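The values are calculated or read from the model by the stated rules, or taken from the named source; none is laboratory data. Owing to the predicted nature of the structure, the values given are computational and were not obtained by experimental measurement. Here the Cβ positions follow ideal geometry from the backbone for every residue, glycine too, while neighbour counts run over all protein chains shown.
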Amino acid sequence: MTPFHLWTRYARALAEAWSGPVGDLPGRPPLRLAPTPRDVLAREGTARLYRFVADGARGDRPRRAPLLLVPSLINRWYVLDLRPGASLVAALVGAGLDVYCLDWGAPEDEDRYLGWDEVLARLGRMVRRTMADAAADRLGVLGYCMGGTLAAIHAALHPGQVAALANLAGPIDFARGGALTHMVDPRWFDADAIARAGNVAPEQMQSGFTALRPTLELSKLVAWPDLAADPAAQTSYRALEAWAADNIAFPAAAYRTYIRDLYQDNRLVAGTHRALGQRVDLGAIRCPTLAIVADRDQICPPAAATALLERVSTTDTTTLRVPGGHVGAVVGSRAARELYPAVADWFATRLAAGATRH
């Protein structure tokens, strides 16, 4: 075991000895994760489609097109609805938007054969189910992380379905992907060899993210005395740690395509990526498009996400820059003040009543 792993294990053990394991702690209020009320509209394998409703407003529908949230394929969806006070979902619902979310679910061993096309086909079915439930001809789509990449591909393949598109820290130009692009350089990284073993385990993927911030666990230890005196900060820390520990695998076949076609060959911006039997042309996207970037994002550097705006056909393009890293920008202390209202306002003005059937 390396000195780094010894230190991180020590940091974790000391923090837990001081406070108990992350999650619910004796003598403290239980964590309320994913607090926004929701209905399950559709099931497909382990995937779910949710519709969120405001308390006391179940069944009420705003006169706007619906908004579908598409999280990353490899992280739990509820980072978008983490806890009270740190929930993009709650802010969007509170702004009067009709909000849905695709929960990709946790892949089983047999899902090693779930390919990139099958992932996009599932997204397409959930898009159609959302429009049917909302009686709408079009919808808004917000994709986060890899969900932003998938949402952009869907919008390019089905431009008539999407009334407004927001890419929240999703890589588009993978040549600008920073350290992760370097890590999977084909000169020393063989995606086929990894995928042949089956679904890519969360521990395998987390090792790459840990390499971006190798002192993260030690920094948590250093900050713990401050957290011990701040109940609100403790709640935030516990919720984020609970989500971060709840990782899921990457289906092997989809992983192979994602790494080879997008990271290694950068085919999406080159216009040579093919999905569902078609060439993916980002120029086919004609709807208003928003790119949301975090100023300290090492997983999706800002230029990797804003590349979408350079390739869409619409002139209604907006860049929203927010503070924080890849996850902190979404659930950090400033997100409720800077990210949530800006995203809600942007969609509210673009998902007009004309997008719904009458």
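Can you go through A151, A155, A135, A163 and tell me which one is more than 18 Å from R350 (Cβ to Cβ) and not hydroxyl-bearing (S, T, Y)?
Values: A151 fails: more than 18 Å from R350 (Cβ to Cβ); A155 fails: more than 18 Å from R350 (Cβ to Cβ); A163 fails: more than 18 Å from R350 (Cβ to Cβ).
None of the other options fit; the residue is A135.
Looking at region 75-132 only, could you name the residues that are part of a loop (DSSP other than H, G, I, E, B) and under 26 Å from A197 (Cβ atoms)? Don't jump to the end; show me each part of the working.
Filtering region 75-132 for residues part of a loop (DSSP other than H, G, I, E, B) gives 75-76, 84-85, 95-98, 104-108, 114-115.
Result: N75, R76, W104, G105, A106, P107, E108, L114, G115.
Any residue in region 162-171 that is modelled with pLDDT under 95, under 17 Å from the mean Cα position of the chain (by Cα) and within 19 Å of Q264 (Cα to Cα)?
So far as region 162-171 goes, no, none of its residues is modelled with pLDDT under 95, under 17 Å from the mean Cα position of the chain (by Cα) and within 19 Å of Q264 (Cα to Cα).
If you take the residues in region 333-358 that are buried (at least 20 other Cβ atoms within 10 Å of the Cβ) and not in a helix (DSSP H, G or I), which one is modelled with the highest pLDDT?
L351
Do we have any residue at all in region 68-82 that's farther than 28 Å from P251 by Cα, crowded, with 22+ Cβ neighbours inside 10 Å and of a type in the set (A, V, I, L, M)?
Taking region 68-82 first, the residues farther than 28 Å from P251 by Cα are none.
For region 68-82, residues farther than 28 Å from P251 by Cα, crowded, with 22+ Cβ neighbours inside 10 Å and of a type in the set (A, V, I, L, M): absent.
What number of residues within region 144-158 satisfy the criterion of being more than 17 Å from V331 (Cβ to Cβ) and outside any loop (DSSP other than H, G, I, E, B)?
Filtering region 144-158 for residues more than 17 Å from V331 (Cβ to Cβ) gives 146, 149-158.
Pick out the ones that are also outside any loop (DSSP other than H, G, I, E, B) and you get 146, 149-157.
Total satisfying the criteria: 10.
Out of all the residues in region 202-217, is one or more at pLDDT 70 or above, assigned to a helix (DSSP H, G or I) and over 18 Å from Y263 (Cβ atoms)?
yes
Can you spot a residue in region 268-277 that is part of a helix (DSSP H, G or I), closer than 26 Å to D192 by Cα, in the same structural domain as L142 (by TED's automatic domain parsing) and free of Cβ contacts under 8 Å to residues at least 12 places away in the same chain?
Restricting attention to region 268-277, the residues satisfying the condition of being part of a helix (DSSP H, G or I) are 268-270.
So of that shortlist, the ones also closer than 26 Å to D192 by Cα come out as 268-270.
From the residues that got through so far, the ones that are in the same structural domain as L142 (by TED's automatic domain parsing) too are 268-270.
Adding the requirement that they be free of Cβ contacts under 8 Å to residues at least 12 places away in the same chain leaves 270.
Taking every residue of region 268-277 in turn, at least one turns out to be part of a helix (DSSP H, G or I), closer than 26 Å to D192 by Cα, in the same structural domain as L142 (by TED's automatic domain parsing) and free of Cβ contacts under 8 Å to residues at least 12 places away in the same chain.
Please go through region 262-279 and give me each residue that is touching a Leu at 6+ places or on another chain (Cβ under 9 Å), within 20 Å of L114 (Cα to Cα) and surrounded by fewer than 20 Cβ atoms within 10 Å (Cβ to Cβ), ordered by number.
Passing the criteria: L276, Q278.
Tell me which residues, restricted to region 287-302, are in contact (Cβ under 8 Å) with a residue 24 or more places away in the chain, buried (at least 17 other Cβ atoms within 10 Å of the Cβ) and over 16 Å from A91 (Cβ atoms).
Of the residues in region 287-302, the ones in contact (Cβ under 8 Å) with a residue 24 or more places away in the chain are 287-301.
This time we only want the ones that are buried (at least 17 other Cβ atoms within 10 Å of the Cβ), so: 287-294, 297, 299-301.
Within region 287-302, C287, P288, T289, A291, V293, A294, D297, I299, C300, P301 meet the criteria.
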